[in-house]
1. Name the one entry in I129, I152, I158 that is in a helix (DSSP H, G or I), farther than 23 Å from A46 by Cβ and either modelled with pLDDT of 85 or more or among the β-branched types (V, I, T) (or both).
2. How many residues are open to solvent by 50 Å² or more (accessible area, probe 1.4 Å), under 22 Å from K122 (Cα atoms) and out of contact with any Leu (no Cβ under 9 Å at 6 or more places or on another chain) when one looks only at the range 87-101?
Amino acid sequence: MEKIILSKKTLIFLVMLLILILGVSGWIIYQFINKNNQNNPSDYVAVFLETGDIYFGKIDWFPWPKLKNVWYIQRTIDNKNQVQLGILPFKNSFWSPIDKIYLNPSKIVFWTYLRNSSELIKAFENPEILNQLNNNQINNFNDLNTQNKNSIINNNPIQTSTNQSQ
């Protein structure tokens, strides 16, 4: 029977290769196990701009910051002069943009990843949740527009104060 003799260089190479394979395998297993952890960050970020606008989406930084699968906050005022917030998909805007926004990095105030447990993440994955909420807010907004039109027709000033104790 023949003995297999390995040179020192070959033995060191094989040991290093084994360590590399074990390290990569361990990292992949760790990522797979923790992917479903609800406290881990999701693929979605919230980006707050100088203008006060907040956008949500999947971010890519190279060569210029851009968001994909973009959602944004729409502010409306109901008929009780209360601010209502709605989350809408950017691609459904009336001017039909593509579902990508290129951001000016100097206008970003901050950004953060959203947790997997976030209600927004659940809504992004199941937009029917947001559709129901937004339909209620759109109806409230339409009621407000009707009230404003009637106020203008009757020459009544539109009240914009949020102080309800008067």
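1. Details: I129 fails: farther than 23 Å from A46 by Cβ; I158 fails: in a helix (DSSP H, G or I).
Exactly one of I129, I152, I158 is in a helix (DSSP H, G or I), farther than 23 Å from A46 by Cβ and either modelled with pLDDT of 85 or more or among the β-branched types (V, I, T) (or both), namely I152.
2. Pass one, the range 87-101, residues open to solvent by 50 Å² or more (accessible area, probe 1.4 Å): 91-92, 94-96, 98, 100.
Cutting the leftovers down to under 22 Å from K122 (Cα atoms) gives us 91-92, 100.
The next check asks that each one be out of contact with any Leu (no Cβ under 9 Å at 6 or more places or on another chain); those that pass are 91-92.
So the count comes out to 2.
The values are calculated or read from the model by the stated rules, or taken from the named source; none is laboratory data. Keep in mind it's a predicted model, so treat the numbers as computed, not measured. Positions of Cβ are generated from backbone atoms using ideal geometry, with glycine treated the same way; all protein chains shown enter the neighbour counts. What goes into the accessible areas is simple: the full protein's heavy atoms, side chains included, and nothing from ligands, DNA or RNA. Shrake-Rupley method; radii C 1.70, N 1.55, O 1.52, S 1.80 Å.
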